[in-house]
Amino acid sequence: MGTLIMCISSLLSFLPLLLLSIPTLIQWRFGPARHLQNSGPISYPMIGCLISFYKNRRRLLDWYTDMLSASPSQTILISRLGARRTIVTANPRNVEYILKTNFTNFPKGKPFTDILGDFLGNGIFNVDGDKWCHQRKLVVHQFNATSLRAYVEKVLKDEVEKKLLPVMESAAVGGRAVDLQELLRRFAFDLVCRVSLGYNPCCLEYDCLDARQPILEAFDTASDICARRGAAPLAAVWKIKRFMDYGSEKRLREAIGKIHLFVDDIVSEKKRKIMSCCEKGEERWDEMDLASKMVRDGMDDEFVRDTMISLIMAGRDTTSAAMTWLFYLLSCHPHVGNEMARELTAIQCGDDASGFERLKELRWLKACICESMRLFPPVAWDSKHAMSNDELPDGTKVRAGDRVTYFPYGMGRMKSLWGEDRFEFKPERWVSEVERGRVKALKNYGPYKFSVFQAGPRACPGKEMAFVQMKYVVASIMERFAIRPVIPDRPIFVPLLTAHMARGFKVLVSRR
Ligand code: HEM
Ligand SMILES: *[C@@H]1O[C@H](CO)[C@@H](O)[C@H](O)[C@H]1NC(C)=O
Ligand SMILES: *[C@@H]1O[C@H](CO)[C@@H](O)[C@H](O)[C@H]1NC(C)=O
């Protein structure tokens with residue numbers, strides 16, 4: 001009898017809590033409130049959407065995309081136990097507001113710096129305010145139109161002719177499968193090191209395609225573990241592991257150590273050379289990489305290192321991921337590749353031997369690259385953190401401290417933005433003018449709808465360089481080689497810090 005009373009009384013004491021939570025449950029499942037402002041996953045009091053988050057953890061991209069499609073203004077609100085409130089948007093008006101109109105209210109923020117700080121330090125990727133502004137100016141100045149031409153003529157042409165094409169050639173002769181993604185990643189790493197550090201690590205060599213490249217692995221390890229930190233359901237877990245120097249956190253610390261050593265060695269060697277140059281009375285040190293400029297200007301060692309690491313991270317996996325997905329899509333759509341071959345034949349190099357001028361004429365090729373990045377954006381999502389309360393143009397209320405994420409992957413898949421055929425690879429959607437069978441002009445969808453390079457004051461400063469590089473490389477390969485995937489499966493898009501194809505892209509290469 002006593003126990004029964006205890007049971008009832010304890011039930012009664014829970015009743016108010018239960019009653020309180022029922023309206024919330026109903027509201028999320030059926031209520032009109034859901035359509036009023038933000039849609040989102042089914043959430044419960046206290047734990048939020050932790051359960052659905054867990055169920056969908058292996059398909060977050062498509063889960064978010066589905067919810068965004070269902071939301072009236074393509075914006076959702078996600079709250080779950082152990083993580084901050086997150087607003088995810090695929091609405092171009094919101095994107096413009098966050099990235100440009102009220103830019104200062106949406107910095108990267110401390111939560112981001114926390115996750116990447118060990119790896120990126122004070123590099124441009126990971127800082128806000130004055131620190132960011134300073135580096136931004138340096139980088140933008142460095143990647144101007146004049147230096148772009150020099151980049152194509154000196155660095156790109158050289159790397160393609162001396163490394164990439166010979167490797168492809170031996171793959172064609174040898175007849176064995178190569179991982180095109182790995183090949184392009186090594187190539188992109190060499191390029192970005194030459195541009196930023198003025199140093200060629202020569203990671204792409206045919207003889208050692210199977211050999212490990214410790215420095216590449218260190219970069220991979222560091223970015224993987226940092227990305228997992230960001231995706232962890234509970235942030236406390238990695239912080240404890242870091243404190244105990246255990247497991248992944250220990251591996252991260254070791255990888256960062258290797259990366260620091262790599263950059264420091266190159267920079268101090270450069271410093272030594274520049275000093276001896278000065279002593280000999282030679283006025284100019286005429287290397288044009290950014291590190292040389294920073295050393296010459298007497299900038300702090302740690303600052304140089306952090307800038308370099310950010311630049312390498314920015315320029316390395318992005319272009320290689322974009323090109324890997326393009327080659328995959330071309331293998332599924334032969335008519336698009338045939339069209340590309342036609343354009344390449346029709347537009348030959350003029351007087352300039354490097355082909356820099358020709359690149360501008362290759363518009364179908366550019367349409368293909370854009371279309372491929374629409375579906376598989378190298379940076380699938382990107383987050384800011386609100387400084388103060390605010391309201392997005394669609395009426396979504398933002399609280400100070402909220403994470404606000406714009407989502408290029410989902411944006412590329414919104415019917416409201418791209419129409420019924422949004423899942424299809426159709427480069428023609430980028431073409432606005434055709435003259436005698438040749439593409440004369442492309443559409444410009446603007447950076448808020450096509451947000452793969454971000455937009456506003458923090459838009460990717462490497463965009464033009466990236467396009468030049470991708471066009472040059474894809475054209476050089478397509479003109480000479482045919483590429484056939486060995487694995488017929490549908491590849492899997494993995495969005496870590498930058499996206500890539502799970503298990504690589506094994507192909508057979510043959511001469512055209
Ligand atoms: C297809 C290739 C590329 C894509 C899709 C891309 C995309 C992006 C995106 C989305 C951001 C914003 C990231 C953020 O704020 O968290 C960014 C920033 C940046 N990108 Fe790129 N990028 C590409 C290639 C490159 C290349 C080749 C370089 C130069 C080596 C580069 C240099 C940078 C830098 C320095 C930033 C930081 C800018 C800032 O915070 O002010 N990117 N890029
Ligand atoms: C921008 O953000 C601030 C908060 O930092 C807010 O007070 C203001 O209303 C916002 N709107 C515009 C249009 O700047
Ligand atoms: C362009 O960049 C190069 C270095 O890449 C620099 O030496 C030159 O001064 C810059 N020119 C302009 C006009 O900014």
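The values are calculated or read from the model by the stated rules, or taken from the named source; none is laboratory data. In this text, all values refer to a predicted model and were calculated from it rather than measured experimentally. Glycine also receives a Cβ, built like all others from the backbone with ideal geometry; neighbour counts cover every protein chain displayed.
Screening Val431 with (1) buried (at least 20 other Cβ atoms within 10 Å of the Cβ); (2) over 30 Å from Leu392 (Cβ atoms) gives one miss only, at (1).
How many residues does segment 462-512 hold that are farther than 22 Å from Ala341 by Cα and free of Cβ contacts under 8 Å to residues at least 60 places away in the same chain? Summing the residues that are farther than 22 Å from Ala341 by Cα and free of Cβ contacts under 8 Å to residues at least 60 places away in the same chain in segment 462-512 gives 9. Exactly one residue out of Arg176, Arg186, Arg194 is more than 30 Å from Lys239 (Cβ to Cβ), assigned to a loop (DSSP other than H, G, I, E, B) and either among the basic types (Lys, Arg) or at pLDDT 95 or above (or both), and it is Arg176.
Of all the criteria given as (1) modelled with pLDDT of 85 or more; (2) away from ligand 3 (no atom under 16 Å from the Cβ); (3) of a type outside the set (D, E, K, R), the one not satisfied by Cys277 is (1).
Say we look at segment 57-80 and pick out the residues that are in contact (Cβ under 8 Å) with a residue 40 or more places away in the chain and outside any helix (DSSP H, G or I); which of these is farthest from Leu496 (Cα to Cα)? If we take residues in segment 57-80 being in contact (Cβ under 8 Å) with a residue 40 or more places away in the chain and outside any helix (DSSP H, G or I), then Ser73 is farthest from Leu496 (Cα to Cα). Taken over segment 86-104, residues that are surrounded by fewer than 22 Cβ atoms within 10 Å (Cβ to Cβ) and in contact with a strand residue (DSSP E or B) (Cβ under 7 Å, 6 or more places away or on another chain) amount to 2. Annotation note: Cβ proximity below 9 Å between a residue of segment 171-183 that is at positive phi and a residue that is polar (S, T, N, Q) and outside any helix (DSSP H, G or I) (sequence gap 6+ or interchain) occurs for Gly175/Ser510.
Take Asn91 and tell me if it is of a type outside the set (Asp, Glu) and either within 16 Å of ligand 3 (Cβ to nearest atom) or under 18 Å from the mean Cα position of the chain (by Cα) (or both). In short, no. Looking across segment 459-490, the residues that are among the small types (Gly, Ala, Ser) and out of contact with any Pro (no Cβ under 7 Å at 6 or more places or on another chain) come down to Gly462, Ala466, Ala475, Ser476, Ala482. Taking segment 135-149 as the search range and keeping residues that are part of a helix (DSSP H, G or I) and either charged (D, E, K, R) or near ligand 1 (Cβ under 8 Å from one of its atoms) (or both), which one is surrounded by the fewest Cβ atoms within 10 Å (Cβ to Cβ)? It comes out as Lys137.
When you go through Met340, Met387, Met411, Met373 one by one, which is the residue that is modelled with pLDDT of 95 or more and within 16 Å of ligand 2 (Cβ to nearest atom)? Only one candidate qualifies: Met387.
Residue by residue through segment 105-124, note down the ones that are within 16 Å of ligand 2 (Cβ to nearest atom) and crowded, with 21+ Cβ neighbours inside 10 Å. Correct list: Phe106 only. Restricting attention to segment 455-509, the residues that are under 25 Å from Phe143 (Cα atoms) and surrounded by fewer than 16 Cβ atoms within 10 Å (Cβ to Cβ) add up to 4. Scan segment 406-428 for residues that are among the aliphatic types (A, V, I, L, M) and surrounded by fewer than 21 Cβ atoms within 10 Å (Cβ to Cβ) and the total you get is 2. Inclusion of Asp179 among residues that are within 22 Å of the chain's Cα centre (by Cα) and more than 16 Å from ligand 1 (Cβ to nearest atom) is warranted.
Taking segment 79-93 as the range and being under 24 Å from Ala455 (Cα atoms) and of a type in the set (A, V, I, L, M) as the test, the residues that pass are Ile87, Val88, Ala90. Filtering segment 285-306 to residues that are crowded, with 17+ Cβ neighbours inside 10 Å and over 15 Å from Lys271 (Cβ atoms) leaves only Asp306. So which of Ser372, Ser383 is within 11 Å of ligand 1 (Cβ to nearest atom), over 12 Å from Asn91 (Cα atoms) and touching a Phe, Trp or Tyr at 6+ places or on another chain (Cβ under 6 Å)? It is Ser372. For segment 99-121, the condition of being basic (Lys, Arg) and assigned to a loop (DSSP other than H, G, I, E, B) holds for at least one residue. Here Leu191 meets each of (1) within 16 Å of ligand 3 (Cβ to nearest atom); (2) farther than 18 Å from Thr324 by Cα with one exception, condition (2). Across segment 125-134, the number of residues qualifying as surrounded by fewer than 19 Cβ atoms within 10 Å (Cβ to Cβ) and either free of Cβ contacts under 8 Å to residues at least 12 places away in the same chain or not in a helix (DSSP H, G or I) (or both) comes to 4.
Spot the failing condition for Ala232; the list is (1) out of contact with any strand residue (DSSP E or B) (no Cβ under 9 Å at 6 or more places or on another chain); (2) modelled with pLDDT under 90; (3) within 15 Å of Met313 (Cβ to Cβ), and only one is missed. All conditions are met except number (3).
Residue by residue through segment 61-77, note down the ones that are more than 21 Å from Gly395 (Cα to Cα) and either surrounded by 15 or more Cβ atoms within 10 Å (Cβ to Cβ) or among the hydroxyl-bearing types (Ser, Thr, Tyr) (or both).
Leu61, Trp63
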